[in-house]
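Some notes on the structure that comes next.
The numbers here are math on the coordinates, done by the rules we state, and not lab data. Note that the structure is predicted; figures quoted are calculated from it, not measured. When we count neighbours, we look across all protein chains shown, and the Cβ atoms used for this are built from the backbone with ideal geometry, even at glycine.
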Amino acid sequence: MNLEDLYRLLRTSHVQAQGIVDTIDEPLLVLDESAVVIEANRAFFVTFLAERDDTIGVPLDRLGNGQWNIPDLKRLISEVIPRSAAVIDYEVSHDFPAIGLRTFLITARRLSKPDNNSTHLVIVFTDVTERRAKERESSLLNSELRHRLVNLLGVVQAIANQIETKDRSAEDYKATFLARFQSLAKAQSIMAAGSSSIDLAGLVPQVLSSLKDEQLVFLGGPPFSVPYNQVVPVAMILSELATNSFKYGALAQRRGTVEVSWRISSDSSNRPCLCFVWRERCPEPIASPTRTGTGTLIIAEMTKFSLHGEAELNFQQDGLRATLLIPLAMPLEAG
C-alpha cells in the first residue's frame, strides 16, 4: 500500500487498524486535531526506539520525555499545515537522545472525514541522514578538487614563467618546460594514492627514480610524514636538485654521487625544524655558478613560500651542499 491508498482509506472510513499503517515502510504518525498521537506504524517504533504504550494517546511534543518538542516541527503543525492541504519533504534535523542527530524529510497531510468533520494529520518521516552526509562529502570533495586544480594550474603557470627565454631556442624552452612538467606529473601520481600524508623515506626514492643505484647514497633519517598538500613542492625541489646535478654537478660526472639525509634541528629563529641535506660528491672539481639559474630560484622560492622554510645552497669544488630547513609545525609532521 502506498500513501495515497492510506490517505483514501483514512478519509472514507473510521478504520485505523494497525495493519493498514504498518504497510508503510517509512515511520508514520496519525495525529488528531490536538496533535495527540492516535496511531503509529511499526517503522516509527523501530526507527525511534519507541514503545506503543508510551506513544498512543500522548501529545506529540511530550513523546519520549519531550524529545519531539522540535521547534521546526511544531511550527509546521501549528502554522504551515493549517494553511495548506499538504506539505511535501519539509526538512528537519534534530538530535534525538536514543538515535542521535538525524535529518528527516517530513511529508504531512490534513485529512477531513466527511461523516463527522473531524480532521486528522498524517505525518511521514523519510530519513535522509545518510543521503545528506554523502551530499556534503561530495560537495566537499568537489570543492577540494576545484581548489587543487586551481593550485595545479598556478604551479604550471609559474613553471612556464620562471624559465628564461633570453637566448633560448623554442626547442630548448620546450625541453626545459616538459622536464619540469614531468616532475609535477610524478608528484601528482604519487599523491593519487589518496593518503593524507606520505612517508619522506618513501617519497625520496620515488621522485629520484631516474638516478642509478650507485648514484644515490640514501642515508635517510628519522620517520617523517609529508602532508598531502606539501608533496608537490617537496617533489619539485628534489627534481630540480637532481636536474641541476645532471647538468652541472656530481651526476654529470662518471662516478659522481648524491647523499640524501635529514635530521631534526632548528632554524635561524630557533624553531624546531627538519634539516634536509642534499650533498653531492664530485670526483672532479667543479666551478661555482656565475649567476642564479632558474632551477636554483625555484628551489629557494618553493622552500620559502610553499614550505615556509629556508634554503641554503653552498656550491663547493667537490659539489653542491643544499640544506633545507623546514619548520616542523608547518609543512611536515613527525611520523
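Listed by chain and number, the aspartates and glutamates whose C-alpha is less than 13 Å from the C-alpha of Lys174, apart from same-chain residues fewer than 8 away, are Glu164. Mean separation of Cα pairs under 8 Å and 6 or more residues apart, divided by the residue count, gives the stretch 163-334 a relative contact order of 21 percent. Antiparallel beta bridges, as assigned by DSSP with both residues in the stretch 163-334, represent about 90 percent of the total such bridges. Once the Cβ-Cβ distance of Lys212 and Ser138 is raised to the sixth power relative to R0 = 51 Å, the FRET efficiency obtained is 0.70.
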